[in-house]
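Reviewing the structure listed below.
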Amino acid sequence: MTRYKAFCACEAHAELTPTRIERRNLRADDVAIAIDYCGICHSDAHTVNNDWGSTVYPCVPGHEIVGHVAAIGSDVTRYKVGDRVAVGCLVDSCQDCPSCDSGNEQNCTKGPTATYNGKDRHTGETTLGGYSEHIVVREKFVLRVPAALDMKYAGPLLCAGITVWTPLRRHGVGKGSKVAVVGLGGLGHMAVKLAVALGAEVTVITTSAGKADDARALGAADVLLSKEPKAMQGSANRFDFILDTIPTKHNVNPYLTLLGRNGVLVLVGALEPLEAIHGALLVLNNRSISGSLIGGLPATQELLDFCAEHNVLPTCEMVDVRDINSAFKRMQANDVKYRFVIDMASLRNVEID
Ligand SMILES: NC(=O)c1ccc[n+]([C@@H]2O[C@H](COP(=O)([O-])OP(=O)(O)OC[C@H]3O[C@@H](n4cnc5c(N)ncnc54)[C@H](OP(=O)(O)O)[C@@H]3O)[C@@H](O)[C@H]2O)c1
Ligand SMILES: [Zn+2]
Ligand SMILES: [Zn+2]
């Protein structure tokens with residue numbers, strides 16, 4: 001076991017503080033990664049705050065991990081020391097169920113192992129995430145960062161990117177699709193860029209009037225303010241596909257109204273009871289509401305390759321690890337444009353006993 005620097009939360013709503021954590025000795029199929037960058041996802045804050053009631057402390061968040069291979073286990077064949085690699089929200093799964101067999105490891109019927117706050121399948125220990133200098137991950141769950149992709153910007157693709165990519169692909173979004181993205185945050189801004197790159201016409205639906213210019217600069221053809229009932233009513237039946245990234249309980253009925261015939265609203269943000277859905281809004285226009293959880297390894301590699309080929313990059317604000325608590329506060333106050341990424345080199349400047 002080797003000990004590495006990391007930032008952890010010791011209890012719900014606590015500030016993140018520097019600590020040292022252990023990383024396991026390499027198993028035969030393990031890859032050790034020196035972490036260069038790690039994105040900050042809203043789920044990191046949900047987990048630190050125990051919003052989902054399942055957090056084990058101390059908690060080291062971080063599942064948008066980019067780095068270099070530092071060492072490999074004896075059976076590793078796909079990577080060598082120095083390779084540019086990435087790790088997303090998953091570090092293991094059963095590898096023996098229909099979901100795993102079809103590359104949908106996120107839906108593993110025995111439960112996937114999350115990158116942090118998950119349970120190691122061998123030891124039962126709680127997994128610790130990417131707000132650290134180093135991580136050890138099973139080879140199968142390590143992704144390749146294409147040479148054309150800037151490492152600095154690759155992190156947010158591993159969660160924000162794949163979470164929106166999966167439903168965009170599943171629902172066949174492409175040329176001619178009329179798409180709305182609700183919430184212009186980490187997930188939302190990636191959804192705009194990716195849907196535009198796939199050829200769709202994209203509208204951003206936002207609570208923040210001040211984001212309208214940004215939305216257009218990101219590629220949106222139109223912007224609707226969700227607080228303006230007239231604008232919302234004027235867009236009734238307009239979209240084929242709506243991606244709803246709102247992170248808390250909310251009323252989806254005003255958004256369902258905007259779907260045309262056979263339209264689909266995919267929910268990715270709120271993991272809690274929603275306000276009651278009006279059945280008529282679903283029945284009368286054959287609309288449906290669906291959900292989506294991150295994405296599997298083949299889709300994540302496909303996304304990394306697509307972004308490299310089409311030069312689709314997240315819009316990031318780089319932060320020093322010592323500013324992590326102010327970044328968390330700003331994210332929760334809806335003040336991030338549009339993803340914080342921690343430069344892990346800054347961890348070298350943190351003194352820990
Ligand atoms: N399904 C999955 O697999 C998955 C994966 C990753 C994350 N998530 C979840 O997805 C959600 C979004 O994550 P994120 O990292 O994109 O968060 P984020 O960067 O904070 O963005 C969320 C956006 O939603 C809008 N918003 C915030 N509070 C709102 C409210 N009360 N009512 C209406 N709109 C509101 C804001 O956009 P405007 O200013 O434009 O309104 C905000 O920028 C989180 O709950 C996260 O846990 C799910
Ligand atoms: Zn995430
Ligand atoms: Zn499985």
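The values are calculated or read from the model by the stated rules, or taken from the named source; none is laboratory data. The structure presented is a predicted model; accordingly, all values stated were derived computationally and were not measured. Please note: Cβ atoms are built from the backbone with ideal geometry, for glycine as well, and neighbour counts cover all protein chains shown. SASA here: full protein model, heavy atoms, side chains in, ligands and nucleic acids out. Shrake-Rupley method; radii C 1.70, N 1.55, O 1.52, S 1.80 Å.
Details
- Odd one out for Arg170 among (1) open to solvent by 30 Å² or more (accessible area, probe 1.4 Å); (2) within 16 Å of ligand 1 (Cβ to nearest atom); (3) closer than 30 Å to Arg27 by Cβ: (3)
- Condition check for Arg261: surrounded by fewer than 20 Cβ atoms within 10 Å (Cβ to Cβ) and closer than 20 Å to Gly176 by Cα: yes
- Filtered residues of segment 101-118 (kept if assigned to a loop (DSSP other than H, G, I, E, B), touching a helix residue (DSSP H, G or I) at 6+ places or on another chain (Cβ under 6 Å) and within 15 Å of ligand 1 (Cβ to nearest atom)): Cys108, Pro112, Asn117
- Just one of the listed residues (Val85, Val31) is outside any loop (DSSP other than H, G, I, E, B), within 27 Å of Asp323 (Cβ to Cβ) and either open to solvent by less than 10 Å² (accessible area, probe 1.4 Å) or away from ligand 1 (no atom under 13 Å from the Cβ) (or both), namely Val85.
- Within the option set Glu22, Glu11, Glu15, being away from ligand 1 (no atom under 16 Å from the Cβ), assigned to a strand (DSSP E or B), open to solvent by 10 Å² or more (accessible area, probe 1.4 Å) and acidic (Asp, Glu) holds for one residue only, Glu22.
- Per the conditions (1) touching an Asp or Glu at 6+ places or on another chain (Cβ under 6 Å); (2) over 22 Å from Asn25 (Cβ atoms); (3) of a type in the set (Val, Ile, Thr); (4) within 16 Å of ligand 3 (Cβ to nearest atom), the sole criterion not satisfied by Thr109 is (1).
- So Tyr79, is it within 23 Å of Ile324 (Cβ to Cβ), among the aromatic types (Phe, Trp, Tyr) and touching a residue at least 40 places away in the same chain (Cβ under 8 Å): no
- Highlighted here are the helices (runs of 4 or more DSSP H) found entirely within segment 256-335 that include at least 3 residues which are in contact (Cβ under 8 Å) with a residue 60 or more places away in the chain, within 16 Å of ligand 1 (Cβ to nearest atom) and in the same structural domain as His42 (by TED's automatic domain parsing): 297-310, 324-332.
- Condition met for Val145 (under 30 Å from Ala12 (Cβ atoms), touching a residue at least 40 places away in the same chain (Cβ under 8 Å) and away from ligand 2 (no atom under 16 Å from the Cβ)): no
- A search for C-beta distances below 6 Å between a residue of segment 187-204 that is surrounded by fewer than 24 Cβ atoms within 10 Å (Cβ to Cβ) and any residue that is modelled with pLDDT of 95 or more and of a type in the set (Lys, Arg), counting only pairs 6+ apart in sequence or on different chains, returns Gly199/Lys175; Glu201/Lys178.
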